[in-house]
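**Q** Before I ask anything, let me first share the structure, which is written out below as structure tokens.
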Amino acid sequence: MTLTVPGFDHIRLPGAGGVELAAAVGGSGSPVVLLHGFPQTHLMWRHVAERLADGHTVICPDLRGYGASDKPTATDTDVYAKRTMAADVVTLAAALGHERFALVGHDRGALVAFRAGLDHPESITHLGILDIVPTLDMWNVLHGASAAVGYHLFLMAQPPGLPEAMIANSADVFFGSFLDTWAKDPTAMPEDVRAEYLRASAAAVTSIVADFRASAGIDVTHDRADLDAGSQLAMPVTVVQQDWGAQLGYDAAAVWKAWAPDLDHRLTRAGHFMAEEAPGEIAEAIQDLLAR
């Protein structure tokens, strides 16, 4: 049985191009969509979602290729492009009657949210980003020995075959290593939740790799085209992240300011899994965002 947000309905909704997404939906009020990261599912939002549901309709989907959502074969580069995954989110929200909504993403979900903000400004009222920089900037700041922190990005960027085989043959060790090393507070992820992430990830190796592979190809192409065109995020944006700038030698706030003129940039002392490690802090940041 799939673990989900307590008290929420777990349903299936249409995405783009015939793909169906699983989602937890609860609360009432103005809509907020929450997108999970790697190697997780919508379950990572359980604490934040419950806090927001008192005044908002909260929608927590599994991204295509993850969790209980469809996992289409990557027959071309567009299948797991963040542009396609952003279209999933807009389609899903519309199916629930929401033509405009706030969008918050963590990790991989934040890359999808970023692309949705650029591609669908008429739909996204507010944008929240947790612990990333945009794809193009991500590759630009990873250099030298410090890039070892992102070794998985380079592994999954390789042509089909080798990454899938290596990861599938050691799935629990591979995915578990991120759950263990990226958290500052391991107790924030109970054993049943950790087991759910490992189970879901092991069942989605091919599609997870395809998602990452897209970020070494088509996603970079899309980001570069927007950068060259001077495109920016038109809505209020809040970014909460660890102090990656200090660790990797760049100005994270300046990177984001180039894309988001209306920016609230915050640093957290929580680990990467901040929605689980510091749910009160993240829920407050989202509420502050929605008030802008």
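The values are calculated or read from the model by the stated rules, or taken from the named source; none is laboratory data. Since the structure is predicted, the reported quantities are computational estimates derived from the model, not experimental observations. With ideal geometry, Cβ positions are generated from the backbone for all residues, glycine too; neighbour counts draw on all protein chains shown. Surface accessibility is based on the protein's heavy atoms, side chains included, excluding ligands, DNA and RNA. Shrake-Rupley method; radii C 1.70, N 1.55, O 1.52, S 1.80 Å.
**Q** Rg to Rh ratio, region 1-123, alpha-carbon atoms and Kirkwood radius?
**A** We get a ratio of 0.93 for region 1-123.
**Q** A follow-up question, please. How large is the Rg to Rh ratio of region 46-90 when both quantities use alpha carbon positions and Rh follows Kirkwood?
**A** 1.11
**Q** Out of Leu43, Leu13, Leu142, any idea which swings most in a Gaussian network model of the chain, alpha carbons joined below 10 Å?
**A** Maximum among the listed residues: Leu142.
**Q** Report the per residue volume, in Å³, of the convex hull enclosing the C-alpha atoms of region 1-50.
**A** 103
**Q** Right, next: Considering only DSSP beta bridges with both partners in region 11-164, what is the antiparallel share in %, to the nearest 5?
**A** 40
**Q** Could you give the distance between the Cα centres of region 228-282 and region 82-134, to the whole Å?
**A** 16
**Q** At a 1.4 Å probe, what is the % contribution of carbon and sulfur to the accessible area of region 176-290?
**A** 53
**Q** Based on the Cα gyration tensor of region 115-210, what are the three equivalent ellipsoid semi-axes, each the root of five times an eigenvalue, rounded to whole Å and given largest first?
**A** Taking √(5λ) for each Cα gyration eigenvalue gives 25, 20, 16 Å.
**Q** Let me ask something else about it. Return the percentage of antiparallel bridges among DSSP beta bridges fully within region 1-98, rounded to the nearest 5 %.
**A** 75
**Q** Label points 7 Å out from Cα along the Cβ direction at Glu99 and Leu142: separation in nm?
**A** 4.0
**Q** Need one number for the chain: average projected area of the convex hull over its C-alpha atoms, nm².
**A** 13.6
**Q** Based on DSSP, what percent of beta bridges with both residues in the chain are antiparallel, to the nearest 5?
**A** 35
**Q** Within the chain, which is the longest segment containing none of the GluC sites (Glu not before Pro) that sit in a DSSP loop and have at most 12 other Cβ atoms within 10 Å?
**A** 123-292
**Q** Hey, any idea what the orientation-averaged projected area of the convex hull of region 134-284's Cα atoms comes to, in nm²?
**A** The Cα convex hull of region 134-284, projected and averaged over all directions, gives 10.0 nm².
**Q** So, one more: What figure in square angstrom, to the nearest 10, would you give for the accessible area of Thr77 with a 1.4 Å probe?
**A** Accessible area, nearest 10 Å²: 90 Å².
**Q** With N set to the number of residues, divide the alpha-carbon radius of gyration of region 232-292 by 2.2 N^0.38 Å and report two decimals.
**A** Normalised Cα radius of gyration, region 232-292: 1.15.
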